Structure formats: C-alpha cells, structure tokens
Amino acid sequence: MRKIKGSITSPKGFTASAVAADIKEIGKTREDLCVLYSEKPCVAAGVFTKNTLKSGTVLLCHKTLENPTHQGVVALSGIANTLTGDDFEKAQKLQALAANFLHLSVKEVLLASTGKIGKVLPMEPIVAGFQKMPEPDAAFGDAAARAILTSDTAEKVTSYQEEIGGKTVTISAMAKGSGMIHPNMGTTLSFVTTDLAIEKELLQRALSIAVEDTLNMISIDGDMSTNDTCLVLANGMAENPKILCGKSEDYRRFVQLLVQVLQDLAQMIAGDAEGSTKLLTAHVSGVDTKEKARILAKGVISSARFKAAMSGVDGYWGRILASMGATMVDFDLKKVKVSYTWGNEKHTVYDHGKNIEFPTDKLESMGSSPEVVLEISMDAGKEEATAYGCDLTEDYIRHVVDYR
C-alpha cells in the first residue's frame with residue numbers, strides 16, 4: 001500500500017465537474033454543486049445516517065442504491081434539503097437534472113446534500129448551475145472536493161495504490177465534515193472511488209466493516225446529522241481478477257486499503273472541527289472484546305468535559321475514568337493505565353490505581369500541540385480501538401450561533 005498525491009478522479013475512468021451555483025447565497029465564489037462520473041458502470045455501496053429524521057436526499061439515494069450499477073453522483077452544499085415537506089420531491093428533481101447532464105438514467109445517479117436544515121432547496125440556481133457546469137474531466141477532482149464543503153476550512157482528500165490480483169488498484173476519497181458529527185453509520189458526506197473489480201455484495205460488506213473503526217469512531221459535538229452519507233463506487237477498470245470471495249487474500253487487502261482511506265478521512269474531519277485547536281485521539285488497548293474497546297474509546301472522546309479540559313490544557317485523569325465508567329462497561333480500575341502523548345512527550349497520569357501528578361511545566365507544550373493522543377491500557381485482553389475527536393472551545397459556540 002502506498003499513498004499518492006491525487007484526487008477523487010485519480011482511479012481510472014473517473015471524472016468530475018463542479019460549479020458555483022449560488023444555492024445558499026448569491027455571489028458565492030466557491031463551488032457548491034458537483035458531479036462525479038465513471039466512463040464505465042460501477043458497483044456501488046453506501047451507508048447512511050441512522051437518525052430517524054432523514055433528508056429526502058438520503059431516502060432517495062438509499063432507494064437508488066438498490067439498482068445493480070451506477071455511473072454518476074451529484075452532491076450539493078449549503079442547504080441540507082431536510083424537513084421541508086418537499087425534500088424528497090426536490091431530491092428527485094436534483095437527481096433528474098444530474099442524470100440529464102451526465103446523459104444517464106436516474107437509476108444510475110446517486111446523490112447527497114448538506115447544509116442548513118429546514119431551509120427549502122431552491123431549484124432555479126441548480127438548473128442554472130447545470131447549464132454553466134463544464135463537462136466532467138479528471139482535472140476537476142479538486143473542484144468537486146471544494147463543492148461539498150460547508151463550514152470546513154480545507155478540502156479532505158486522500159489517495160492510495162495497492163497491488164491486487166497482479167494489477168495496480170487506485171482508491172481515492174473526499175469528505176466534508178466539521179460540525180454536527182456523532183455518526184452511527186459512516187459520517188458527514190464521504191465519497192470513495194476505485195478502479196477495483198469486485199462483486200457488489202462484497203463491496204457493501206467491505207464498507208460496512210471499514211466504517212466501524214474509522215468514520216463511526218468520530219465524535220465532534222455529539223450531534224448526529226440527518227444527511228450523513230458515505231458512498232463507494234468501483235468500476236473495475238484496473239482489470240484485476242474480479243473479487244468474488246470474501247475469504248480471499250485480494251478481498252482482505254482491499255478491506256485494509258478501504259480502512260486506511262476512511263481512517264485518513266476520519267482524522268481530517270476531527271482535526272478540522274468547528275472552533276477546535278487540536279485533534280484528539282483516544283486509543284484504548286488491552287480489552288477482552290472489540291466492542292467494549294470501541295465503546296470505551298468513543299465514551300471518552302465524546303465527553304464534553306474531557307474536550308473542554310483539553311481546550312483549557314488540563315491533564316487531570318478523573319473525568320477520563322468517569323467517562324469510561326459512564327459507558328457501563330465493566331473493568332478493573334487497578335489494571336488501568338492512562339497516558340498523554342503529544343510531539344515527543346509522553347506522560348502517565350494514572351497507573352494501576354495510583355495518581356501521578358501531571359507535570360505543570362509541560363502544560364504549555366501540550367496546549368500548543370495540534371494533536372494529543374490519550375492512551376488507555378486495560379490489561380484485560382488483546383483487543384483495541386481508536387476514536388477521534390477535538391477540543392471544545394468558545395469558538396465552537398460562536399460557530400453554532402453564527403451559522404445561518
């Protein structure tokens with residue numbers, strides 16, 4: 001597996017296009033409407049929000065995903081198209097416009113939207129946007145990555161290559177996400193393209209596996225969105241022997257590749273959280289089951305008091321253990337060890353029942369570090385899990401209040 005510099009159009013046969021359609025506000029200079037296109041039909045997989053209040057866009061995308069193949073995706077930012085009464089109808093119109101632009105049937109076009117909830121999606125700027133949108137091209141991958149952003153401060157893109165079945169397979173991904181993130185499926189809007197040849201059911205299984213320890217392990221603010229969507233499209237143009245067996249070495253290598261791509265996105269999303277100053281990583285090891293490890297790691301990273309403490313640069317361990325206990329997972333406190341790591345520094349603050357004072361002369365360096373890793377060892381098994389989050393600052397509150 002090797003990381004490469006690329007975009008969502010790096011895999012063979014994929015192109016994109018994007019335009020500033022002024023969906024949310026007139027005079028916007030950044031793109032807010034984009035399409036992805038594959039010159040050959042793809043098998044596709046997806047995971048979606050489990051919020052009981054889903055956008056019409058999500059509902060239609062989920063239904064469309066049942067079709068055997070797809071060749072296009074349309075996504076917009078600025079307005080979520082959610083809880084408006086006509087959001088499903090508007091999603092159908094969006095899908096039809098994209099299908100017409102890409103010369104496809106509506107059955108072949110998946111879709112996603114993100115932005116302000118409860119605001120009616122205006123179709124006029126979208127119609128006009130498609131009229132001025134350039135023809136899809138591999139050169140527009142970066143523009144597509146910009147088009148899905150809302151309060152994000154930077155594009156989130158990652159690409160890798162791997163030898164599978166004697167062929168070089170390329171996989172790329174892009175995502176948006178900065179706030180309202182506490183997923184139970186995937187997270188925010190995430191799109192993955194690959195030229196791998198694989199059976200549709202196995203692609204869905206691979207995605208369902210991959211999100212569990214990556215996108216499902218993020219918590220920014222404890223809020224689950226109504227629009228969360230993660231899609232993977234595979235067009236087979238790498239010409240590897242098609243993966244038909246979930247027990248094969250080729251399938252195992254692809255799952256590892258997909259996990260790596262989604263892990264990159266998870267870290268970028270958590271590191272770009274609204275108002276945050278640092279990426280927080282909680283790594284829990286030495287647990288008897290994988291599920292318990294995930295619950296403990298997510299419990300700590302979701303704690304508002306832990307997030308606020310990291311903003312105020314407080315290395316106290318009490319709230320960490322309290323948040324672990326709140327998960328209702330049983331563990332032996334006398335076997336727990338808690339340490340902070342940042343830069344070249346590592347300091348243990350709790351060790352098998354003993355309190356170890358955090359060195360006050362290290363507070364400034366921890367406060368200025370862009371990433372802090374919390375390591376929790378349980379000495380009760382071999383399973384581990386990692387969760388991603390951020391510190392909770394006053395600027396986050398301002399972001400929420402000012403979001404219009």
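The values are calculated or read from the model by the stated rules, or taken from the named source; none is laboratory data. In this text the structure is predicted, and so the values were computed from the model without any measurement. Ideal geometry is used to build each Cβ from the backbone, glycine not excepted, and the neighbour counts take in all protein chains shown.
For the structure I just gave you, tell me whether residue 349 is under 21 Å from residue 371 (Cα atoms), β-branched (Val, Ile, Thr), modelled with pLDDT of 95 or more and in contact with a strand residue (DSSP E or B) (Cβ under 9 Å, 6 or more places away or on another chain).
Taking the combined requirement at face value, the residue does not satisfy it.
Suppose we filter 201, 162, 135 for residues that are free of Cβ contacts under 8 Å to residues at least 40 places away in the same chain and either of a type outside the set (Lys, Arg) or within 25 Å of residue 64 (Cα to Cα) (or both); which single one remains?
201
Enumerate the pairs (first residue in the stretch 215-241 and farther than 18 Å from residue 304 by Cβ and among the charged types (D, E, K, R); second residue anywhere and part of a loop (DSSP other than H, G, I, E, B) and modelled with pLDDT of 95 or more) with beta-carbon separation below 8 Å, excluding pairs fewer than 6 apart on the same chain, so at least 6 apart or on different chains.
Sorted first by the residue in the stretch 215-241, then by its partner, the pairs are 239/197.
Matching residues to (1) touching a strand residue (DSSP E or B) at 6+ places or on another chain (Cβ under 9 Å); (2) closer than 30 Å to residue 118 by Cα:
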residue: 215; (1), (2): yes, yes
residue: 229; (1), (2): yes, yes
residue: 237; (1), (2): yes, no
residue: 247; (1), (2): no, no
residue: 250; (1), (2): yes, no
residue: 254; (1), (2): yes, no
residue: 260; (1), (2): yes, no
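On the given criteria, is residue 165 surrounded by fewer than 20 Cβ atoms within 10 Å (Cβ to Cβ), of a type outside the set (Val, Ile, Thr), touching a Pro at 6+ places or on another chain (Cβ under 8 Å) and more than 28 Å from residue 218 (Cα to Cα)?
Criteria met by residue 165.
I'd like the full set of residues that are among the hydroxyl-bearing types (Ser, Thr, Tyr) and within 20 Å of the chain's Cα centre (by Cα), limited to the stretch 1-56.
Of everything in the stretch 1-56, those that are among the hydroxyl-bearing types (Ser, Thr, Tyr) and within 20 Å of the chain's Cα centre (by Cα) turn out to be 7, 9, 10, 49, 52, 55.
Among the residues of the stretch 83-112, write down those that are among the polar types (S, T, N, Q) and touching a strand residue (DSSP E or B) at 6+ places or on another chain (Cβ under 8 Å).
95
Looking at the stretch 191-250, which of the residues that are small (Gly, Ala, Ser) and part of a loop (DSSP other than H, G, I, E, B) is farthest from residue 74 (Cα to Cα)?
For the stretch 191-250, the residue satisfying everything is 248.
Does residue 113 satisfy the criteria of being more than 16 Å from residue 150 (Cα to Cα) and among the hydroxyl-bearing types (Ser, Thr, Tyr)?
no
How about the stretch 55-132: which helices (runs of 4 or more DSSP H) wholly inside it have at least 2 residues that are without any contact (Cβ under 8 Å) to a residue 12 or more places away in the chain?
By residue number, 124-132.
Answer yes or no: is there a residue in the stretch 150-173 that is modelled with pLDDT of 95 or more and under 23 Å from residue 54 (Cα atoms).
No, there is no match, as no residue in the stretch 150-173 is modelled with pLDDT of 95 or more and under 23 Å from residue 54 (Cα atoms).
Taking the conditions exactly as written (surrounded by fewer than 23 Cβ atoms within 10 Å (Cβ to Cβ), under 28 Å from residue 296 (Cβ atoms) and at pLDDT 90 or above), does residue 146 satisfy them or not?
Criteria not met by residue 146.
If you scan the stretch 201-232, which residues turn out to be of a type in the set (Ser, Thr, Tyr) and at pLDDT below 90?
219, 225, 226
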